[in-house]
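Peer 1: Let me give you the structure first, and then I'll get to my questions.
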Amino acid sequence: MNGCVSAAAFLALSISSLAQSGVTRANLQQSMGFEDQKGLALTGWYGGPPETFAADNTVHHSGQWAVRLQRDDKSTETFSVITRSLPIDFKGGSVELRGWFRLQDVSGNAALWMRQDGGGQMLSLENMDSQQVKGTRDWAQYSITLPINPTAEKLFFGVILAGKGTLWADDLELMVDGKPIAEAAALPGLPEDHDFDSGSRIAVDKLTPTQISNLATLARVWGFLKYHHPAITSGQRHWDYDLLRILPAILAAPDRDHANDALLNWIDKLGLSACSVCFSAPSGDLDIKPPLEWIHDRKLLGAPLSQRLESIYANRTGKQFYVSLMPGVGNPEFRHELAYPQISFPDSGYQLLALIRWWNILQYWAPDREVAGQNWPAVLEFFIPTLALAKDKTAYQLALFELIAKANDTHANLWSSLDARPPVGECALPIKLRFVDNKPAIYRLDSADSTFQPGDILDTFDGVSIQSLIDKWEIYYADSNSAARQRDLAASLTRGACGPVSVEVTREGRPVQIQTVRIKTKQEWATHDQPGDTFRLLSLQVAYLKLSTIKAADLPAYFEKAKNTKGIIIDIRNYPSEFMPFALGAYFATRPTPFAVFSHADLANPGAFQFGDAVSIPPGPVHYSGKIVILVDETSQSQAEYTAMALRAMPNAAVIGSTTAGADGNVSSIDLPGQLKTMISGLGVFFPDHRPTQRIGIIPDVVVKPTIQGLAAGRDEVLETAVHLIEWTRVDSSKIR
């Protein structure tokens, strides 16, 4: 096709759609005809660039709505796409995608597309490459077909427009062997089991040390079986409900031996066949090995139970039912983990299930579990009574916040329940805080009210020490390092009940009492870059480019303006608006430049993570030869840190600022009982020499932190230092401001 979209691009273009939820074969068809739209913003579909597609209620094939993809000279990327995804939980020989198109002045190609993925990679792709649908055409129906791959796990499909022009699409249909996909026979999934749909029927009001120890052993055995025993890895058991069935026997066991006997009997009922294709222990370039020494502990388990677990490990099949790998990326996707939205709390059984599910995911599928620095068996035992005895949903959520914080992963947190994390309240002071020398200081005002001033240090709320509140609340903040934790606390610290509050601040070394009011305000992600234009010349010698509003399509114009400068400042004290490592790095690389290595989970060896090959930046056709100064701080996280790694690897590059958030790698989402949701960093991210980045972050070459005096004066001391390093002259801060 003109403006051909490569298979590699297709492999990456739909990864975000994996977050899609609530889509089933039964409820799909209405959205395939776009009749569920509520307005011009397209709902139910994912894609990009976002400004190039929308719902359309003026041009449509039938009904009231269609989708319009429209591209011109200003459009970013080389193509526009909309996409959906479905699990391949149906039987059949082939799957067909049909749809009606209308075209106007399409220079590239208009296409339906489908893709099947399995085992973390693309298995097959069809994108109408041979049909060459372009130009101006009236409504006509098109179709594509793929044979269903027996190993496929996910189906992606949608509409794509390459080049320029306008494409309308409507009345899409998915067919399996000529029949609507909703009528296709289902593949075996979770077995029919409704024993605990309305609750676990387990109530715990106290726990003895023996019960806690036995529950910890149950948790470890249950997780081991979940990812190793063929009856569970093949999806033959509703494993959550099996946990709820065995819990009463473990709670009733008077000692360790009786509990271990109950576990042994439970396992024997599952049966075990010798493997036809057996897997050896993980080998090669490993980052971490499976945490399985405990299955050989005869003192803990007794000889019979230990031997049974060893036999299961030797006969594992390498398949997984509850986890797969994200296509094209390789971070874990936790399939078939149910959220149980109907559960009422307290429910000790489901609360323990939340702990045990999360803890085992950390043990087997978190690449950074060792970097977290925890004694994980001790964490499990500590939180068993905390979760089991939580008296209501609020207590349950707070216990999960505290548990998840043990991962020391800024990607974590109980994202579904941030309103329940202290301090609670829908109102806040109209100020922006950041920690300077471990003290919360004002760096920006959200209104013209002169009650507060930049540089004020907060000391008390209504007579209560700010530090005592921080000490009380910080256990609920899941962050990789103290810089990120202080950033997140700063964003929430003034929240509380709406209305008057008395605040004491330190201003220029003196205490100042302020009577003010908390008001309704939206909590926003902090950035410390410069307001104003994305690109500017700070002087004839220094260019400035911030990534919070960057567009890859604008890079040629920016570098044309910067070509005669002595250096360029790349400000990543923010979250980039587009994925920039390769597009931006190509202007600086003089040869293929490696900058990162990932570690990936091994489905056949749960708990093992293997290093992959180094990721490199290829040089582009235009080269910028000046100095490169990269600005980072605690607001630089994940994609921002990855971008900093890429740019730092370039010639003449240096990083200035302070410690970044220390959480890189694609995230993996985890559902927990009560329709709660958390995440983990799903990939290990390292420098090419295997130095880790998780928790450590990107260490600056030149450490520069803001000062109270600088905040009060409205200075950006980090940026001033960057300009000085390029020009080697004293910087006039008023020019930067």
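Peer 1: Go through (1) at pLDDT 85 or above; (2) on the phi < 0 side of the Ramachandran plot; (3) surrounded by fewer than 20 Cβ atoms within 10 Å (Cβ to Cβ) and name the single condition Gly63 misses.
Peer 2: Of the numbered conditions (1) at pLDDT 85 or above; (2) on the phi < 0 side of the Ramachandran plot; (3) surrounded by fewer than 20 Cβ atoms within 10 Å (Cβ to Cβ), the odd one out for Gly63 is (2).
Peer 1: Tell me yes or no: at least one residue of region 195-206 is touching a residue at least 40 places away in the same chain (Cβ under 8 Å), of a type outside the set (A, V, I, L, M, F, W, C), buried (at least 22 other Cβ atoms within 10 Å of the Cβ) and not assigned by TED's automatic domain parsing to the domain that holds Asp602. Before you say what the answer is, go through the steps one by one.
Peer 2: Let us first name the residues in region 195-206 that are touching a residue at least 40 places away in the same chain (Cβ under 8 Å), namely 195-206.
Filter again for of a type outside the set (A, V, I, L, M, F, W, C), leaving 195, 197-201, 205-206.
Checking which are buried (at least 22 other Cβ atoms within 10 Å of the Cβ) leaves us with 200.
Retained after the next criterion (residues that are not assigned by TED's automatic domain parsing to the domain that holds Asp602): 200.
Yes, the conditions are met somewhere in region 195-206.
Peer 1: Of the residues Arg316, Arg298, only one is free of Cβ contacts under 8 Å to residues at least 40 places away in the same chain and either surrounded by fewer than 20 Cβ atoms within 10 Å (Cβ to Cβ) or within 22 Å of Trp266 (Cβ to Cβ) (or both); which? First the steps, then the outcome.
Peer 2: Numbers: Arg316 fails: free of Cβ contacts under 8 Å to residues at least 40 places away in the same chain.
Step by step, each of Arg316, Arg298 is checked, and only Arg298 is free of Cβ contacts under 8 Å to residues at least 40 places away in the same chain and either surrounded by fewer than 20 Cβ atoms within 10 Å (Cβ to Cβ) or within 22 Å of Trp266 (Cβ to Cβ) (or both).
Peer 1: Which one of the conditions (1) surrounded by fewer than 17 Cβ atoms within 10 Å (Cβ to Cβ); (2) outside any loop (DSSP other than H, G, I, E, B) does Leu352 fail to meet, given that it meets all the rest?
Peer 2: The one condition Leu352 does not meet is (1).
Peer 1: Now for a separate question. Consider Arg357 carefully, then state whether it is under 20 Å from Gly235 (Cα atoms), within 19 Å of the chain's Cα centre (by Cα), in the same structural domain as Ala219 (by TED's automatic domain parsing) and part of a helix (DSSP H, G or I).
Peer 2: yes
Peer 1: Of the residues Val436, Val424, only one is closer than 17 Å to Gln486 by Cβ and in contact (Cβ under 8 Å) with a residue 24 or more places away in the chain; which?
Peer 2: Sole residue among the options that is closer than 17 Å to Gln486 by Cβ and in contact (Cβ under 8 Å) with a residue 24 or more places away in the chain: Val436.
Yes or no, residue by residue, for (1) in contact with a strand residue (DSSP E or B) (Cβ under 8 Å, 6 or more places away or on another chain); (2) acidic (Asp, Glu); (3) farther than 24 Å from Ala604 by Cα:
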position	(1), (2), (3)
Leu251	no, no, yes
Asp255	no, yes, yes
Asn260	no, no, yes
Asp287	yes, yes, no
Pro291	no, no, no
Lys299	no, no, yes
Gly302	no, no, yes
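Peer 1: Residues in region 281-294: is at least one buried (at least 20 other Cβ atoms within 10 Å of the Cβ), part of a helix (DSSP H, G or I) and not assigned by TED's automatic domain parsing to the domain that holds Asp689?
Peer 2: Checked region 281-294: no residue is buried (at least 20 other Cβ atoms within 10 Å of the Cβ), part of a helix (DSSP H, G or I) and not assigned by TED's automatic domain parsing to the domain that holds Asp689.
Each row is one residue, and each column tells you yes or no for (1) in contact with a helix residue (DSSP H, G or I) (Cβ under 8 Å, 6 or more places away or on another chain); (2) acidic (Asp, Glu); (3) closer than 30 Å to Phe157 by Cα; (4) assigned to a loop (DSSP other than H, G, I, E, B).
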position: Glu173; (1), (2), (3), (4): yes, yes, yes, no
position: Leu190; (1), (2), (3), (4): no, no, yes, yes
position: Ser198; (1), (2), (3), (4): no, no, no, yes
position: Ala203; (1), (2), (3), (4): yes, no, no, yes
position: Leu215; (1), (2), (3), (4): yes, no, no, no
position: Val221; (1), (2), (3), (4): yes, no, no, no
position: Leu225; (1), (2), (3), (4): yes, no, no, no
position: Ile246; (1), (2), (3), (4): yes, no, no, no
position: Asp257; (1), (2), (3), (4): no, yes, no, no
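So that you can scan it fast, the table gives a plain yes or no per residue for (1) in contact with a Gly (Cβ under 6 Å, 6 or more places away or on another chain); (2) within 15 Å of Arg316 (Cβ to Cβ); (3) modelled with pLDDT under 95:
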site	(1), (2), (3)
Lys226	no, yes, no
Pro230	no, yes, yes
Gln236	no, yes, yes
Trp239	no, no, no
Leu243	no, no, no
Ala274	no, yes, yes
Val277	no, yes, yes
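Peer 1: Of all the residues that make up region 548-579, how many are assigned to a loop (DSSP other than H, G, I, E, B) and more than 16 Å from Thr635 (Cβ to Cβ)?
Peer 2: Of the residues in region 548-579, 7 are assigned to a loop (DSSP other than H, G, I, E, B) and more than 16 Å from Thr635 (Cβ to Cβ).
Peer 1: Something else: Considering every residue within region 98-112, establish whether at least one is buried (at least 21 other Cβ atoms within 10 Å of the Cβ), touching a residue at least 24 places away in the same chain (Cβ under 8 Å) and closer than 30 Å to Lys319 by Cβ.
Peer 2: no
Peer 1: Here is a follow-up. Checking Ala354 against (1) touching a Leu at 6+ places or on another chain (Cβ under 9 Å); (2) over 30 Å from Thr210 (Cα atoms), which test does it fail?
Peer 2: Exception for Ala354: condition (2).
Peer 1: Which residues, counting only those in region 441-482, are under 30 Å from Ala366 (Cβ atoms), of a type in the set (A, V, I, L, M, F, W, C) and surrounded by fewer than 17 Cβ atoms within 10 Å (Cβ to Cβ)?
Peer 2: Result: Trp473, Ile475.
Peer 1: Among the residues of region 408-440 satisfying the criterion of being farther than 21 Å from Gly496 by Cβ and of a type outside the set (S, T, N, Q), which is surrounded by the fewest Cβ atoms within 10 Å (Cβ to Cβ)? I'd like the intermediate steps shown before the answer.
Peer 2: Step one: of region 408-440, the residues farther than 21 Å from Gly496 by Cβ are 408-412, 415-416, 436-438.
Next, only the ones that are of a type outside the set (S, T, N, Q) stay: 409, 411-412, 415, 436-437.
Working: Asp409: 29, His411: 25, Ala412: 28, Trp415: 16, Val436: 20, Asp437: 10.
Once the filter is applied, the top-ranked residue is Asp437.
Peer 1: Evaluate region 495-517: report whether one residue or more is in contact with a strand residue (DSSP E or B) (Cβ under 8 Å, 6 or more places away or on another chain), under 30 Å from Gly48 (Cβ atoms) and not assigned by TED's automatic domain parsing to the domain that holds Leu400.
Peer 2: no
Peer 1: Could you tell me which residue of region 38-88 is farthest from Asp117 (Cα to Cα), considering only residues that are among the aliphatic types (A, V, I, L, M) and without any contact (Cβ under 8 Å) to a residue 24 or more places away in the chain? Step through it out loud before you land on a result.
Peer 2: We begin by selecting, within region 38-88, every residue among the aliphatic types (A, V, I, L, M); these are 40-42, 54-55, 59, 66-67, 69, 81-82, 86, 88.
Next, only the ones that are without any contact (Cβ under 8 Å) to a residue 24 or more places away in the chain stay: 40-41, 54-55.
Values: Leu40: 31, Ala41: 28, Ala54: 27, Ala55: 28 Å.
The extreme case among them is Leu40.
Peer 1: If you go through region 552-562 one residue at a time, do you hit one that is at pLDDT 95 or above, in contact with a Leu (Cβ under 8 Å, 6 or more places away or on another chain) and surrounded by fewer than 19 Cβ atoms within 10 Å (Cβ to Cβ)?
Peer 2: yes
Peer 1: On the basis of being acidic (Asp, Glu), over 14 Å from Ala366 (Cβ atoms) and without any contact (Cβ under 8 Å) to a residue 60 or more places away in the chain, does Asp664 make the cut? Quick ask: steps written out before the conclusion?
Peer 2: Values: acidic (Asp, Glu): yes; over 14 Å from Ala366 (Cβ atoms): no; without any contact (Cβ under 8 Å) to a residue 60 or more places away in the chain: yes.
No, not satisfied.
The values are calculated or read from the model by the stated rules, or taken from the named source; none is laboratory data. As the structure is a computational prediction, the values presented were derived from the model and not from experiment. Note: ideal-geometry Cβ built from the backbone for every residue, glycine included; neighbour counts use all protein chains shown.
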